[in-house]
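Enquirer: Quick one: this structure, given as structure tokens, is what I'll be asking you about.
FYI, it's all coordinate maths here, none of it is from the lab. Computed from a predicted model, the values in this text were never measured in an experiment. No Cβ is skipped: glycine too gets one built from the backbone with ideal geometry, and neighbour counts run over all protein chains shown.
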Amino acid sequence: MPFQFSDKTRQNRNSRLIKIVNGRIVRDHTIINDDVLYIYDGKIIDPQKHFFTCGNSPDVVINAKGLLIAPGYIDMQINGAFGVDFSVWKGEKQMKEGLDKVAKGLVKYGCTSFVPTIVSSPKEIYHQVLPLLKPRKGNKDNGAEVLGVHVEGPFITPSQLGAHEESCLQTATNGFNDFIDIYGLHELKDHAIKIITVAPDVEGVLDSLKELINSGITVSIGHSSATISQAESAVEKGARCITHLFNAMQQFHHRDPGVVGLLGTTHIARPFYGIICDGIHVHPNSVKIAYDSHPKGAILITDAMAAMGLPPGEYTLGGISVRKSGNEKVEVIDNGKLAGSVISIDACVKNFKKFTGCSMIEAIEAATLHPAELLGIQNVKGTLNVGADADFVFLDDDLNVVKCFIAGEEISIS
Amino acid sequence: MRLIIRSDYNEVSEYIATYVKDRIIEFNPTHERPFVLGLPTGSSPIGLYKNLVKFHRNGELSFKHVVTFNMDEYVGLPRDHPESYHSFMWHHLFKHIDIDPNNVNILNGNAEDLSEECAKFEEKMKEVGGVELFIGGIGPDGHIAFNEPGSSLMSRTRVKTLAYDTILANSRFFDNDINKVPRMALTVGVGTVMDAREVAIIITGAHKAFALAKCIEEGVNFMFTVSAIQLHPKALIVCDEDATLELHVKTVKYFKSIEHVIKNLIGAENVGLQGNVKKYPSPEVTPTREAFYNLPFKR
């Protein structure tokens, strides 16, 4: 006799069995027509196994009407949005409300998971903010999932500080202890940091990489004037990503390729690279060059700041005053430097496809599969395989987000 | 027996799918009185299932009160193996329709006690009131389900060892490696299928022509187990022109003429779904020899 779900389990709304039909599923690097998705308890389950084992019919059947079904987008570098700046402390209540605002607001862009990013800041900021940005499950109440924090700095090179505050930068003369001290990593097992951006050319950084990685942190190279050999050393020691390729690093030079030269490394697996596709931070041709040289390494990031989702005007980024102009450029008021972007992740996906001429699948994977692989969560995020979290989007053929689901529940984006 | 001949595989599939749909709708199944359908696997029913899915998507057909019994399943193959008959039925039919999983019956080739599994299957068929319509295909050697040549015509659901021909034919689904093909299967018996109130066999392709000829133009012979339908009170064969290539011209003309008479002389509206004449209109025109044999037409 097949197993029967009792009526009790049905009362919890998460225990409804949801069947999605008539969608074109993005899976295994291709589009699969004529298949169905079964969602139960916020997870994607095996439909055939469930059908023949559990003996219950779906409670809800959703017709995707021929739309593409893709995993939800993952943004692993976002400094803020909708007026919220993760690097500014206004009190615990404001930070929690700010996090909620961003997590809920990002859903309409198809973003189902994100990594709040903190720019180079004084110690107090890290100690106050980090405990509030711990990983948090995504669902209808919370909005997008918080995967942890990206600490971008302060162990970066002064000559490549971009829009960061110079007085916050520091070296790691005391090695890993400096990291523990500034981020408050005394409770190593329970910390919120998922990604760290460091410059290999800053004193003490290369020697600390091993311990950073052992603490479960993904190391990314950025805001650096490292030579190619310094950069390759970092990769050999376990750095697996480049932070916003081309920005805040030396220009590519044919005899001295610098960090960009990692795209041409052969003796070791090349790292992933975050790249901002607003057409402003990186010229479309440069995006294509990077993609052509290392298509499987592309990770789309917004590097969005507080003004994302808001009209043109003056805002702050980590305490620095910036101006968002009508053409979507954000510049530091004092020196005109580019300061974060105001692009959304779904626009990044569309632009990436346009700039590189890649397929729809590759554009989608750059915002789903690749960031999940970098963070080592590709079995539950960035995929529609059995066992994954049911975070997905319905897209039309122009890659517009039509519907967004987190933990199997549709979240209204109209 | 009715023999319906259509021009190609697609037309055959459309015909049998429409027939199944009309039978279910006419039966008007309910929870207490479901429509019990016997189903095959293989290449013959793929078109049938595509059309049934189409009807379901159009809103023309619901499987809510349909109970199904599949004919067979390999022994020892994991249920979610891509070549198991569970997988075949899931991908071709069940995942697209609204059938209740509890109403789906497929033999379990991994049961601890295979004989008991077969006995339970037969028992379940009795419990639901017997099979209303059993659909099958035919092997090139005239076998139905896995009732290979030499199977008793009164056989019931049981374990069978596959014939060499069958293993060869199936190796194309197992990386062309005959060592990977399962050697045994659970199958409904010839008797089990003939117990159904109606039996419909799909026969398409020139490679089936010899089997079809053996099954309907020669004697009932357990070397061609489909020939048992000669003794069934309500049998239907739907085939394409290619499958008739080994039949006598007279046989083909006869069966085509039946459809012609129904359509042009009696009127389709006067004939029930299962071929029973409800009303015979007085003939106004004496049919000429040409009229009798002037075909083709469509249903």
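Enquirer: Shape verdict for the range B:74-162, please, from the Cα gyration tensor: rounded (a/c under 1.5), prolate (a/b greater than b/c) or oblate.
Expert: Values: a/c = 1.32, a/b = 1.22, b/c = 1.08.
Rounded shape, in that the Cα axes give a/c under 1.5.
Enquirer: Which whole-number percent is the relative contact order of the range A:112-218 (Cα, under 8 Å, 6+ apart)? Please report the intermediate quantities before stating the final value.
Expert: Values: 185 pairs, mean separation 32.5, N = 107.
The value is 30 percent.
Enquirer: Let me make sure I get this right: for the range B:2-247, a, b and c are the square roots of the gyration tensor eigenvalues over alpha carbons, sorted descending. Under 1.5 in a/c it's rounded, otherwise prolate if a/b > b/c, else oblate. Which is it? Mind dumping the intermediate values first?
Expert: Values: a/c = 1.30, a/b = 1.06, b/c = 1.23.
Judged from the Cα gyration tensor, the range B:2-247 comes out rounded (a/c under 1.5).
Enquirer: Set the Förster radius R0 to 56 Å, insert the Cβ-Cβ distance between B:ASP165 and A:ASN385 as r into 1/(1 + (r/R0)^6), and round the FRET efficiency to 0.05.
Expert: Details: r = 39 Å, r/R0 = 0.69.
Here the calculated transfer efficiency is 0.90.
Enquirer: Extending each Cα 7 Å along its Cβ direction at A:SER414 and B:MET154, get the distance between those two points in nm, one decimal.
Expert: 6.7 nm
Enquirer: What is the dipole size for chain A, taken about its Cα centre, with +1 at each Lys and Arg Cβ and -1 at each Asp and Glu Cβ, in debye to the nearest 20? Kindly include the intermediate steps, with their values, before the conclusion.
Expert: Details: 39 positive and 47 negative charges, 202 e Å.
So the magnitude is around 980 debye.
Enquirer: Distance in nm between label sites at B:ASP22 and B:GLU83, each 7 Å beyond Cα in the beta-carbon direction?
Expert: Here the modelled spin labels are 3.9 nm apart.
Enquirer: So, one more: GluC sites (Glu not before Pro), restricted to the range B:205-274: which are DSSP loop and have at most 13 other Cβ atoms within 10 Å? Mind showing how you got there, number by number?
Expert: Details: sites: B:GLU217, B:GLU218, B:GLU241, B:GLU246, B:GLU259, B:GLU269; in loops: B:GLU218, B:GLU246.
Within the range B:205-274, the qualifying GluC sites (Glu not before Pro) (loop, at most 13 other Cβ atoms within 10 Å) are B:GLU218.
Enquirer: Oh, and also: Taking the simple approach of a point 7 Å from Cα along Cα-to-Cβ for both A:GLU211 and A:ASP28, what is their distance in nm?
Expert: 4.6 nm
Enquirer: Gain in length, A:ASP334 to A:SER293, computed as 0.36 nm per residue apart minus the alpha-carbon separation, to one decimal in nm? Don't skip to the end; give the middle numbers.
Expert: Values: separation 41, 0.36 × 41 = 14.76 nm, distance 3.63 nm.
Length gained between A:ASP334 and A:SER293: 11.1 nm.
Enquirer: With a 10 Å cut-off between alpha carbons and a GNM built on chain A, which of A:GLY175, A:GLY110, A:GLY313 moves the most?
Expert: Checking each option, the largest mean-square fluctuation is seen for A:GLY313.
Enquirer: While we're here: May I ask you to list the trypsin sites (Lys or Arg not before Pro) in the range A:192-284 that are in a DSSP loop and have at most 16 other Cβ atoms within 10 Å of their Cβ?
Expert: On the way: sites: A:LYS194, A:LYS210, A:LYS237, A:ARG240, A:ARG255; in loops: A:LYS237, A:ARG240, A:ARG255.
Those that pass, being in a loop and sparsely packed, are A:ARG255.
Enquirer: Once you charge only the Cβ atoms, +1 for Lys and Arg and -1 for Asp and Glu, what is the size of the charge dipole of the protein assembly as shown about its Cα centre, to the nearest 20 debye?
Expert: Working: 72 positive and 85 negative charges, 344 e Å.
The dipole magnitude comes to about 1660 debye.
Enquirer: I've got another one for you. What is the Cα centroid distance between the range A:13-65 and the range B:60-124, reported in whole angstrom?
Expert: Using only Cα atoms to place each centre, the spacing works out to 19 Å.
Enquirer: Taking the Cα centroid of the range B:126-151 and of the range A:253-271, what is the distance between the two, rounded to the nearest whole Å?
Expert: One Cα centre to the other: 66 Å.
Enquirer: Please list, in chain and number order, the residues 5+ apart from B:ILE4 or on another chain whose amide H is under 5 Å from its amide H, with Hs placed from the backbone.
Expert: Excluding prolines and chain starts, which carry no amide H, the hits are B:ILE237, B:VAL238, B:CYS239.
Enquirer: What FRET efficiency comes out for the pair A:GLU236/B:LYS234, r = Cβ-Cβ distance, R0 = 60 Å, nearest 0.05? Don't jump to the answer; show the numbers that get you there.
Expert: On the way: r = 77 Å, r/R0 = 1.29.
Once rounded, the FRET efficiency stands at 0.20.
Enquirer: Which of A:THR316, A:THR383, A:THR117 moves the most in a Gaussian network model of chain A with Cα springs under 10 Å?
Expert: Taking springs between Cα atoms under 10 Å, the residue moving most is A:THR316.
Enquirer: Assuming R0 = 35 Å, what is the FRET efficiency of B:VAL261 and A:LYS43, from their Cβ-Cβ distance, to the nearest 0.05? Intermediate values should be presented prior to the final figure.
Expert: Values: r = 60 Å, r/R0 = 1.71.
E between B:VAL261 and A:LYS43, to the nearest 0.05, is 0.05.
Enquirer: In percent, what relative contact order does chain B have, based on Cα pairs under 8 Å that are 6 or more apart in sequence? Working shown, then result.
Expert: Numbers: 547 pairs, mean separation 63.6, N = 299.
RCO, chain B: 21 percent.
Enquirer: Kindly identify the range A:72-383 as rounded, prolate or oblate by the Cα gyration tensor criterion: order the square roots of the eigenvalues as a ≥ b ≥ c, call it rounded if a/c is under 1.5, otherwise compare a/b with b/c, prolate if a/b is larger, else oblate.
Expert: Working: a/c = 1.24, a/b = 1.04, b/c = 1.19.
It comes out rounded by the Cα gyration axes.
Enquirer: Where the centroid of each part is defined by its Cα atoms, how far is the range A:189-203 from the range B:178-230 in Å?
Expert: The distance from the Cα centre of the range A:189-203 to that of the range B:178-230 comes to 70 Å.
Enquirer: Identify, among A:ILE118, A:PHE51, A:VAL61, the residue whose Cα sits farthest towards the positive end of the charge dipole of the range A:27-144, taking +1 on the Cβ of Lys and Arg and -1 on the Cβ of Asp and Glu, with the dipole about the Cα centre.
Expert: It is A:ILE118.
Enquirer: What longest region of chain A stays clear of GluC sites (Glu not before Pro) that DSSP places outside H, G, I, E and B and that have at most 15 other Cβ atoms within 10 Å? Walk me through the numbers before you get to the answer.
Expert: Working: sites that count: A:GLU187, A:GLU203.
Answer - A:204-414.
Enquirer: Sequence gap at least 6, Cα distance under 8 Å: using those rules, report the relative contact order of chain A to the nearest whole percent.
Expert: Working: 1016 pairs, mean separation 80.4, N = 414.
Answer for chain A is 19 percent.
Enquirer: Just B:ASN105, B:ASN51, B:ASN270 to compare: in a GNM of chain B, with alpha carbon springs under 10 Å, which one fluctuates most?
Expert: Looking only at B:ASN105, B:ASN51, B:ASN270, the largest GNM fluctuation is found for B:ASN270.
Enquirer: Using only DSSP helix segments of four residues or longer, with each worth -39500 (n - 2.57), what per-residue ellipticity at 222 nm results for the protein assembly as shown after dividing by its residue count and rounding to 500? It would help to have the intermediate numbers written out before the result.
Expert: Details: 20 runs with 187 residues, N = 713.
Result for the protein assembly as shown, helices only: -7500 deg cm²/dmol.
Enquirer: Looking at A:THR157, A:CYS404, A:ILE333, which one has the Cα that reaches farthest to the positive end of the dipole of chain A (charges on Cβ: Lys, Arg +1; Asp, Glu -1)?
Expert: Farthest towards the positive end: A:CYS404.
Enquirer: If you don't mind, another one. Please name whichever of B:VAL12, B:TYR74, B:ILE106 sits farthest to the positive end of the charge dipole of the range B:1-139, dipole taken about the Cα centre and charges placed at Cβ: Lys and Arg +1, Asp and Glu -1.
Expert: B:VAL12
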